[in-house]
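**Q** Dropping a structure here in structure tokens format, bear with me for questions.
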Amino acid sequence: MIVLGIETSCDECSAAVVRDGHEILSNVIATQIELHKPYQGVVPELASRLHTEWIAQVVKAAVAQAGLSNSDIDAVAVSNRPGLLGSLLVGVSFAKAFAYALDIPVIGIDHIRAHLYASQIETPLEYPYLGVLVSGGHTVICRVDGYDEIKVLGTTIDDAIGEAFDKVAKFYKLGYPGGVVIDKLSRSGDPMAFLFPGPTLDRGDHPYDMSYSGLKTAVINQLDKFRNGEAEASDVNIAASFQRCAVGILMKRVRAALKDTGLTRVSAGGGVAANSLLRSELKDLEKGGYTVTFPSLKLCTDNGAMVAGLAFRYLQDGYCDDMGLTASSRVVAFKHSYP
Ligand code: KG4
Ligand code: ZN
């Protein structure tokens with residue numbers, strides 16, 4: 001089965017062609033990063049306008065790079081929630097029109113679940129496992145029993161981890177996108193130069209919950225203390241110290257959840273799963289006998305292949321949508337879904 005996957009939930013305009021859920025024939029990602037850079041963040045109206053202009057070309061390129069023509073596509077999958085509504089609607093409208101014209105099924109895919117599934121495309125991992133979903137909008141530790149069976153064990157109660165990276169980078173004028181820049185700068189910084197606080201949370205039944213707003217504020221206040229608001233473009237020690245603490249907050253919960261649940265496999269996904277420190281700390285779990293997988297860098301951040309890959313599972317099990325498919329900015333997959 002050949003699935004076209006479309007992803008336009010934020011600032012990446014992507015389309016991919018995936019055969020039988022595993023063979024990525026193409027994965028075209030047209031990034032808008034340079035166009036949002038002057039604003040140090042994604043401008044929703046600009047994002048949806050650019051998707052509108054680019055989507056047809058991106059899909060055309062994905063089909064061509066796969067060495068196929070439109071008539072070879074068996075189904076169209078599209079991220080339809082959560083995300084920026086205007087951006088999502090561009091992908092959803094295009095996917096429906098494409099499916100209607102070719103008389104093939106269309107299916108809406110939850111963007112967060114697609115991130116969590118991404119590593120399965122390249123490195124299949126047996127269920128159950130501990131899922132670690134870390135992106136610009138979400139920070140979730142969960143028990144994954146199947147591609148659609150996810151129980152949230154812990155989540156951030158305020159900022160997402162990627163959001164903290166982005167905001168710290170913005171305040172320090174380190175560059176954009178923040179996560180990528182901080183990761184790079186940290187390599188030449190001293191991670192022990194600043195000892196930022198981790199959260200002390202009393203979350204009762206939800207011991208794996210996290211918080212990132214306190215860390216973010218502490219790092220930003222550091223700027224005021226020492227520089228009176230004047231940022232230096234190369235503050236590698238701040239970057240490295242922040243990154244160590246941000247990854248530490250997550251890894252502490254991951255280790256505790258592994259111990260308490262008895263799960264022996266771990267898989268991460270989402271933009272922050274591209275972080276080099278997080279990848280090495282996750283990999284270190286293998287020394288304790290755990291099996292660890294995460295997607296290749298291209299499949300960590302937003303991409304159409306993860307959408308097509310997950311869609312294949314749903315389609316195989318007989319799920320699909322109709323022309324009533326629409327977009328939603330809201331998280332439906334994880335809210336209030338504590339076990
Ligand atoms: O998954 P994604 O592309 O979009 C969302 O669904 O949010 O994730 C984007 C996030 C941004 O916050 C970005 O700064 C972060 O992933 N990110 C990173 C790295 N690469 C991207 N954070 C830390 N280290 C990285 N190498
Ligand atoms: Zn994403």
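**Q** When the stretch 3-56 is examined, which residues are found to be in a strand (DSSP E or B) and open to solvent by 20 Å² or more (accessible area, probe 1.4 Å)? Talk me through it step by step, then tell me what you get.
**A** Looking only at the stretch 3-56, we keep the residues that are in a strand (DSSP E or B), and these are 3-7, 12-19, 23-31.
Listed by number, the residues that qualify are E12, R19, E23, I24, L25, V28, I29, A30, T31.
Yes/no matrix, rows are residues, columns are (1) β-branched (V, I, T); (2) within 16 Å of ligand 2 (Cβ to nearest atom); (3) within 30 Å of V236 (Cβ to Cβ):
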| site | (1), (2), (3) |
| --- | --- |
| I109 | yes, yes, no |
| P128 | no, no, no |
| D145 | no, no, no |
| R187 | no, no, yes |
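**Q** Anything in the stretch 98-124 that is within 16 Å of ligand 1 (Cβ to nearest atom) and hydrophobic (A, V, I, L, M, F, W, C)? List them, or say none.
**A** Across the stretch 98-124, the qualifying residues are I109, I112, A114, L116, A118, I121.
**Q** OK, next. Residue check: is V331 modelled with pLDDT of 95 or more and either β-branched (V, I, T) or in contact with a Cys (Cβ under 8 Å, 6 or more places away or on another chain) (or both)?
**A** Details: modelled with pLDDT of 95 or more: no; either β-branched (V, I, T) or in contact with a Cys (Cβ under 8 Å, 6 or more places away or on another chain) (or both): yes.
Judged against the criteria, V331 is not a match.
**Q** Let me ask you something else. Go through the stretch 86-100 and give me each residue that's in contact (Cβ under 8 Å) with a residue 24 or more places away in the chain and out of contact with any helix residue (DSSP H, G or I) (no Cβ under 8 Å at 6 or more places or on another chain).
**A** Residues satisfying the conditions are L88, V92, A95, K96, A99, Y100.
**Q** Looking only at the stretch 64-85, filter to residues that are within 16 Å of ligand 1 (Cβ to nearest atom) and not in a strand (DSSP E or B); which one of those is most open to solvent (accessible area, probe 1.4 Å)?
**A** Result: L85.
**Q** Right, another one. Please find, within the stretch 128-145, the residue that is nearest to ligand 1 (Cβ to nearest atom) out of those that are assigned to a strand (DSSP E or B) and open to solvent by 10 Å² or more (accessible area, probe 1.4 Å).
**A** Per the criteria, the residue is R143.
**Q** Of all residues in the stretch 7-33, which are within 15 Å of ligand 1 (Cβ to nearest atom) and not small (G, A, S)?
**A** E7, T8, C10, D11, E12, C13, N27, I29, T31, Q32, I33
**Q** Another one. In the list R255, R330, R244, which residue meets the criterion of being outside the structural domain of I24 (by TED's automatic domain parsing), surrounded by 19 or more Cβ atoms within 10 Å (Cβ to Cβ) and of a type in the set (D, E, K, R)? Let's see the steps before the verdict.
**A** Values: R255 fails: surrounded by 19 or more Cβ atoms within 10 Å (Cβ to Cβ); R330 fails: surrounded by 19 or more Cβ atoms within 10 Å (Cβ to Cβ).
Answer to the selection: R244.
**Q** Name the one entry in D166, D183, D159 that is assigned to a helix (DSSP H, G or I), within 16 Å of ligand 2 (Cβ to nearest atom), among the acidic types (D, E) and touching a helix residue (DSSP H, G or I) at 6+ places or on another chain (Cβ under 8 Å). Working first, answer last.
**A** On the way: D183 fails: within 16 Å of ligand 2 (Cβ to nearest atom); D159 fails: assigned to a helix (DSSP H, G or I).
On inspection, the qualifying residue turns out to be D166.
**Q** Something else: Out of K151, K184, K167, which single residue is within 12 Å of ligand 1 (Cβ to nearest atom) and surrounded by fewer than 19 Cβ atoms within 10 Å (Cβ to Cβ)?
**A** Just one listed residue meets the conditions, K184.
**Q** Among what's in the stretch 191-211 and is over 23 Å from K151 (Cα atoms) and in contact with a Gly (Cβ under 7 Å, 6 or more places away or on another chain), pick the residue that is surrounded by the fewest Cβ atoms within 10 Å (Cβ to Cβ).
**A** If we filter the stretch 191-211 for residues that are over 23 Å from K151 (Cα atoms), which is where we start, we get 191-200.
Narrowing the set further to residues that are in contact with a Gly (Cβ under 7 Å, 6 or more places away or on another chain) leaves 197-199.
Numbers: P197: 11, G198: 16, P199: 17.
This residue is P197.
**Q** Give me a count of the residues in the stretch 279-324 that are crowded, with 19+ Cβ neighbours inside 10 Å and among the acidic types (D, E).
**A** The number of residues fulfilling the criteria is 2.
**Q** Since Q222 meets every condition but one in (1) open to solvent by 20 Å² or more (accessible area, probe 1.4 Å); (2) at pLDDT 95 or above, which condition does it not meet?
**A** (2)
The values are calculated or read from the model by the stated rules, or taken from the named source; none is laboratory data. Computed from a predicted model, the values in this text were never measured in an experiment. Glycine also receives a Cβ, built like all others from the backbone with ideal geometry; neighbour counts cover every protein chain displayed. Keep in mind that these areas ignore ligands, DNA and RNA; they rest on the heavy atoms of the full protein, side chains included. Shrake-Rupley method; radii C 1.70, N 1.55, O 1.52, S 1.80 Å.
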